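Enquirer: Let me begin by handing over the structure; questions about it come next.
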Amino acid sequence: VPIYLINQKITVKLSSHIFEGYFQGRRVATHELAHQTYTIKTQLDHYLELLWQRPGALPNALPFKQARELSNWPACFDEFWVLLINRLGQFEGTRQFLDVLFLHRHYAMNDIQRCVQQAISLQWISIDAIKQLLSPQCPEPKTFFQSCQKLTGFYRAQSQSHQYDQLL
């Protein structure tokens, strides 16, 4: 059950192989039951708020390890996380990576993966870049990037202040 529902009453529907949790009539959790004793199954999404508060715990967190091992974890996510850490430091880089994971609540996995790959190829290493690429108003990245390159023709060298000394 998601961490934000701690100490809340939820309705549980249990079958022979599935657990479903409902809060105020809305399904908030669905899990396959573990049929082996002493097995723990977690969903990373349920722990994101807690991990965001303690980003240093992410690499060793069981939900994170299980998500990487048991799901189709895209390699570009790990690459993007490393680039975020190199750019922003361990703490803020991991927080921004968690913000990318939060986007799964609103966007399809394929869309997020595509945008992460585009951000890496364009060297746009931030959560804001991913959000921009996900927005429907965002121009095609290559077109936008090419239009920025056209501006290089307007470059002017900075003037030197010693030239103004001659006016005195």
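The values are calculated or read from the model by the stated rules, or taken from the named source; none is laboratory data. Not measured: the values here are computed from a predicted model. Neighbour counts are summed over all protein chains in view; Cβ atoms, including those assigned to glycine, are modelled from backbone coordinates with ideal geometry. The protein model used for the area step is the full one, side chains on, heavy atoms only, and it has no ligands, DNA or RNA in it. Shrake-Rupley method; radii C 1.70, N 1.55, O 1.52, S 1.80 Å.
Enquirer: For a label point 7 angstrom out from the Cα of residue 106 toward its Cβ, which stretches of segment 1-37 have the backbone nitrogen within less than 19 Å?
Expert: 4
Enquirer: Residues with amide H under 5 Å of residue 41's amide H, sequence separation 5 or more or different chain, H placed in the peptide plane at 1.01 Å from N; which?
Expert: none
Enquirer: Taking only protein heavy atoms into account and a 1.4 Å probe, give the accessible area per residue of segment 13-66 in Å². Numbers along the way, then the final one.
Expert: Details: 3690 Å² over 54 residues.
On a per-residue basis, 68 Å².
Enquirer: Sticking with this structure for a sec: So how exposed is residue 27, as accessible area in Å² (1.4 Å probe, rounded to 10)?
Expert: Answer for residue 27: close to 130 Å² accessible.
Enquirer: In nm, what is the difference between 0.36 nm times the number of residues separating residue 79 and residue 33 and their Cα-Cα distance? Could you put the intermediate results ahead of the total?
Expert: Working: separation 46, 0.36 × 46 = 16.56 nm, distance 3.21 nm.
Full-extension gain reported as 13.3 nm.
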